[in-house]
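Everything on this sheet refers to the single structure shown next.
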Amino acid sequence: MKPKKTSAKSCSSRWKIVLSILTFVGILSVGVAFFFAYHHIYLKLPDINVLRDVRYQIPLAVYSKNGKLIAQFGEKKRTPITTKEAPEKLIQAVLAAEDDRFFDHPGVDYQGLLRATVKYILTGEKRQGGSTITMQVARNFFLTPEKTFLRKIKEIFLAIKIENELSKYAILELYLNKIYLGHRAYGVGAAAQVYYGKNLGELGLAQLAMIAGLPKAPSIANPITNPQWAINRRNYVLRRMRDLDLITLNQFQQAINQPVTARLYSVSVEAKAPYIAEMVRKKMFLKYAEKAYTDGYKVHTTVDSNAQEYANIALQTALSEYSERHGFRGPHGHIDLAGRDFDAQWLKQLENQKTIGNTVPGVVTSVGPKSVQVLLANAQIIEIPWPGLKWARKYRSTNTRGSIPESASDIVQKGDIIKVRLSSDDKWRLAQVPSIEGALVSINPDDGSIVALTGGFDFYQSKYNRAVQAKRQPGSGFKPILYTKALEEGFTAASIINDAPVVFDEPTMETEWRPKNYSGKFYGPTRLRVALRKSRNLVSIRLARELGITSVIDSGLRFGLPEKQLPKTLSLALGSGSASPLEMARVYAVFANGGFLIEPYLIDRIETVKGEIVYKASPKIACYDCDEKGVPVQQRAPSVMSRRVNYLMNSLLQDVVKNGTGRRALELNRTDLAGKTGTSNEQRDAWFNGFNLSLVTITWVGFDSSKPLGFGETGGRAALPMWMKYMKHALNGVPEIQPKLPEELVSVRIDPETGFLARPAQEGIFEIFRSENVPTTIAPPPQQSGSDFDGSEQEEIQSLF
């Protein structure tokens, strides 16, 4: 029996059925896949609206009052830009390298994606050619770095969604600011700073192409880590730009022949104030925690960058001069240069030697009779003449030095590694890093704004901020607080106090306390003006005893000093309490501003990355004419001293400068300066607290260990020169202003020996009194035998400690 033949028509019918089934299955599969993708991927995509208000991780920036950058804090370096700010050639380079059809596709380049898919099917090799700029934005902002097909699908959906929500330029701007470009640089603005130390607008075509080529492999193919790879990538970008007719042949040839000019640039700090920067960083962290380092806050301080530079120089110079007065501690090391000419090995030996403060490392290359030549780390050869060497007697102890050197070979030898510094006359000197430390604080007395502050010789050697953190004995710097109380209690500048020895027998002390003057001498009956001018200790002790220690402490509290820093003993009259330089600046601001207690402050305002002000300082103002100036009541600083007493204290403190322990300041050729030296027990602390009506500046010198500074190292010698070096520049151009004489103050001619009214026809001197305190007694004729005081009397006093 013959088998039945299947007709062609029947076979065709079956194939149509199979094809229909396969088509249906395909459509169903696509539909199921679409349904799955829509419900399980698309609907779960993040909200694209967050891209409309992107907050980049931008470092904290600290600025001076006049807009100079002091510091940046934050792991990521980022300088956001708009597409309008980006150079046209940069945008062209980026598009040529990453996505030349960016303005034509809907977020997904299907041609590139298809090529990448075919390549994968044929070779099993994954390619990145299918990623558009929009897809990279989706990945960078919303997805993890894992490489899976599911992530790729999410990336595609996100790209489409982003394109539906944002403009092309908004997407491009997100990309330019978010992309990582190596060495902690995020975004093209930061890359320009990191690799070239410039803004984008200052870069040439070759440099812009270099940046545009970085996204492919920023960590391993940047111009620092792998210059050759980076230059190959740059040239690829330039070829793409030429192929797309974005640059001319001449531009291409010039750019492709450019050498690599990139190197690592740190943040371009314009004002050196590291202690200030750290103070701000701590305050910002307390306020904003970790967001302080990522949210792009801009902190504008009250610091004047010019004044800050003067402060840095003044402190480092003063400490260097102290160090030189006490002898040379010797070279840091030695290199054997015998028979060797200059070579790179000499410089290599200096690599581990750091520049600290104003001291620069170098190696002695030749020694003459009265000079030496030194090679610096920057390959510069300098000469130190004899005036810069002859100070270097060998250090033996704080108070002893070796013999005076007769030639340069008595000091250093060829091959010695030393430190040098530039002096004020631009001549090189042999130097050493001082073992002593110091601080300088300068504030506006009217509102407490900090004008300049430095807390040590070199912040990077020691971050301990002595201007704020060090609590040291103010010594005689406390006496004006005592004298203020005395004037308030009816004493006058002409009141006589006996400068005679006293002995205090206190049961809690192992030995008797026998205070004395710095000179060791006693001067008998002394007017208060002279006693403060000469800083007579015994007068202060007797004055404090008469006023009562509780009364003196209350006066200290009024000046803003914490009670725990004011000992309840008569030694407080000599400054045995403690205070930081910033606290002493607040104290002396009371004298400078007319008698008001202000609060020192550092931060003027805080801005967001968009320029919104989120904090603005509102300091209390010192003013007698607040009503006329329209100062609100709540913004007025409290008065802690009458205007009359304030004028008298200004007169006394100006006298310290004109005729007393601060008279070296007369070299500044100003008549409006006032202040007080301070030297604590055994010369462990040296201060100068000085001011005029415009500026209060405190300088302090001492060892962190509180060991003695050495013979003769008083406030007038160790601290006053620092103050003078700073104030010479800080007050340049500032007009001299004298305090206004208040009503009910009168000038009367007195007898300088007794403080009484001068006798008729007696020359006498003039003194200022409150009208109710003018003396009524006329001085008696002088005794032929002179003073009854012979410097030998003593009185035993039971202490009221």
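A few notes on this one:
- Glu682 vs. criteria open to solvent by 10 Å² or more (accessible area, probe 1.4 Å), of a type in the set (Asp, Glu) and modelled with pLDDT under 95: yes
- Cβ-Cβ under 7 Å pairs, at least 6 apart or on other chains, the range 221-233 side farther than 24 Å from Ser266 by Cβ, far side at pLDDT below 95 and open to solvent by 50 Å² or more (accessible area, probe 1.4 Å): Arg233/Lys216
- Screening Gln92, Gln72 for residues that are open to solvent by 50 Å² or more (accessible area, probe 1.4 Å) and of a type in the set (S, T, N, Q) leaves exactly one candidate, Gln72.
- For the range 301-404, the strands (runs of 3 or more DSSP E) that sit wholly inside it and include 1 or more residues that are on the phi < 0 side of the Ramachandran plot and loosely packed, with under 14 Cβ neighbours inside 10 Å are 381-384, 395-397.
- From Lys414, Lys471, residue being open to solvent by 30 Å² or more (accessible area, probe 1.4 Å) and within 23 Å of Val363 (Cβ to Cβ): Lys414
- Of the criteria (1) open to solvent by less than 40 Å² (accessible area, probe 1.4 Å); (2) farther than 23 Å from Ala185 by Cα; (3) of a type in the set (A, V, I, L, M, F, W, C), which one Ala277 fails: (2)
- With respect to (1) more than 25 Å from Val645 (Cα to Cα); (2) assigned to a loop (DSSP other than H, G, I, E, B); (3) β-branched (Val, Ile, Thr), the lone exception for Thr492 is condition (1).
- Annotation note: of Val645, Val590, the sole residue that is part of a helix (DSSP H, G or I), modelled with pLDDT of 95 or more and touching an Asp or Glu at 6+ places or on another chain (Cβ under 7 Å) is Val645.
- Where Ser578 falls short, out of the listed (1) farther than 14 Å from Pro474 by Cβ; (2) surrounded by fewer than 23 Cβ atoms within 10 Å (Cβ to Cβ): (1)
- Considering residues of the range 764-790 that are modelled with pLDDT under 80 and surrounded by 11 or more Cβ atoms within 10 Å (Cβ to Cβ) only, the residue farthest from Asn498 (Cα to Cα): Ser787
- Filter result (open to solvent by less than 30 Å² (accessible area, probe 1.4 Å) and part of a helix (DSSP H, G or I)) within the range 548-570: Ile549, Ser551, Val552, Ile553, Ser555, Gly556, Gln565, Leu570
- Tally, over the range 649-670, of residues that are open to solvent by 70 Å² or more (accessible area, probe 1.4 Å) and under 18 Å from Ala589 (Cα atoms): 0
- Some residue of the range 433-451 being open to solvent by 60 Å² or more (accessible area, probe 1.4 Å), closer than 27 Å to Gly710 by Cα and out of contact with any helix residue (DSSP H, G or I) (no Cβ under 8 Å at 6 or more places or on another chain): no
- Exclusive hit being in contact (Cβ under 8 Å) with a residue 12 or more places away in the chain and within 28 Å of Asp685 (Cα to Cα), set Gly333, Gly368, Gly327: Gly327
- Single residue of the range 515-547 satisfying the filter (of a type in the set (Gly, Ala, Ser) and assigned to a helix (DSSP H, G or I)) that is nearest to Asp685 (Cα to Cα): Ser540
- Scanning the range 248-274 for residues that are exposed (fewer than 15 other Cβ atoms within 10 Å of the Cβ), in a loop (DSSP other than H, G, I, E, B) and without any contact (Cβ under 8 Å) to a residue 60 or more places away in the chain turns up Thr248, Asn257, Pro259, Ser266.
- Cβ pairs under 9 Å, 6+ apart, first in the range 340-353 and modelled with pLDDT of 70 or more, second open to solvent by 100 Å² or more (accessible area, probe 1.4 Å): Leu347/Asn378
- Criterion: open to solvent by 20 Å² or more (accessible area, probe 1.4 Å) and under 17 Å from Met584 (Cα atoms) - qualifying residue of Leu741, Leu720, Leu693: Leu693
- Of all residues in the range 200-215, those satisfying the criterion of being surrounded by fewer than 19 Cβ atoms within 10 Å (Cβ to Cβ) and more than 16 Å from Ile256 (Cα to Cα) are Gly201, Glu202.
- Among the residues making up the range 664-692, those that are assigned to a helix (DSSP H, G or I) and in contact (Cβ under 8 Å) with a residue 40 or more places away in the chain are Arg664, Ala665, Glu667, Leu668, Asn681.
Residue-by-condition table, conditions (1) touching a residue at least 40 places away in the same chain (Cβ under 8 Å); (2) over 24 Å from the mean Cα position of the chain (by Cα):
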{"residue": "Ser694", "(1), (2)": "yes, no"}
{"residue": "Lys707", "(1), (2)": "yes, yes"}
{"residue": "Phe711", "(1), (2)": "yes, yes"}
{"residue": "Ile737", "(1), (2)": "yes, yes"}
{"residue": "Glu743", "(1), (2)": "no, yes"}
{"residue": "Arg749", "(1), (2)": "no, yes"}
{"residue": "Thr776", "(1), (2)": "no, yes"}
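- When the range 130-183 is filtered for residues that are more than 42 Å from the chain's Cα centre (by Cα), at pLDDT below 85, of a type in the set (Val, Ile, Thr) and not in a helix (DSSP H, G or I), only Thr148 remains.
- The single condition among (1) open to solvent by 10 Å² or more (accessible area, probe 1.4 Å); (2) outside any helix (DSSP H, G or I); (3) over 20 Å from Leu95 (Cβ atoms) that Pro218 does not satisfy is (3).
- Taking the range 429-459 as the range and being of a type in the set (A, V, I, L, M) and either touching a Leu at 6+ places or on another chain (Cβ under 8 Å) or not in a strand (DSSP E or B) (or both) as the test, the residues that pass are Leu430, Val433, Ile436, Ala439, Leu440, Val441, Ile443, Ile450, Val451, Ala452, Leu453.
- Across the range 226-240, the qualifying residues are those that are under 45 Å from the mean Cα position of the chain (by Cα) and within 17 Å of Leu90 (Cβ to Cβ), and the one among them that is most open to solvent (accessible area, probe 1.4 Å) is Tyr236.
- For Lys419: the one exception among (1) of a type outside the set (A, V, I, L, M, F, W, C); (2) surrounded by fewer than 16 Cβ atoms within 10 Å (Cβ to Cβ); (3) within 14 Å of Phe328 (Cα to Cα): (2)
- Meets criteria (over 25 Å from Lys658 (Cα atoms) and open to solvent by less than 10 Å² (accessible area, probe 1.4 Å)) for Ala585: no
- Any hit, the range 497-514, residues being modelled with pLDDT of 95 or more, part of a loop (DSSP other than H, G, I, E, B) and loosely packed, with under 15 Cβ neighbours inside 10 Å: no
- Selection within the range 605-622 - open to solvent by 30 Å² or more (accessible area, probe 1.4 Å), among the hydrophobic types (A, V, I, L, M, F, W, C) and either in contact with a helix residue (DSSP H, G or I) (Cβ under 9 Å, 6 or more places away or on another chain) or part of a loop (DSSP other than H, G, I, E, B) (or both): Val609, Ile621
The values are calculated or read from the model by the stated rules, or taken from the named source; none is laboratory data. A quick note: this is a predicted structure, and the numbers were derived from the prediction, not measured. In this analysis, Cβ positions are derived from the backbone assuming ideal geometry, glycine residues included, and neighbour counts consider all displayed protein chains. Heads up: the accessible areas ignore ligands, DNA and RNA and are worked out on the full protein's heavy atoms, side chains in. Shrake-Rupley method; radii C 1.70, N 1.55, O 1.52, S 1.80 Å.
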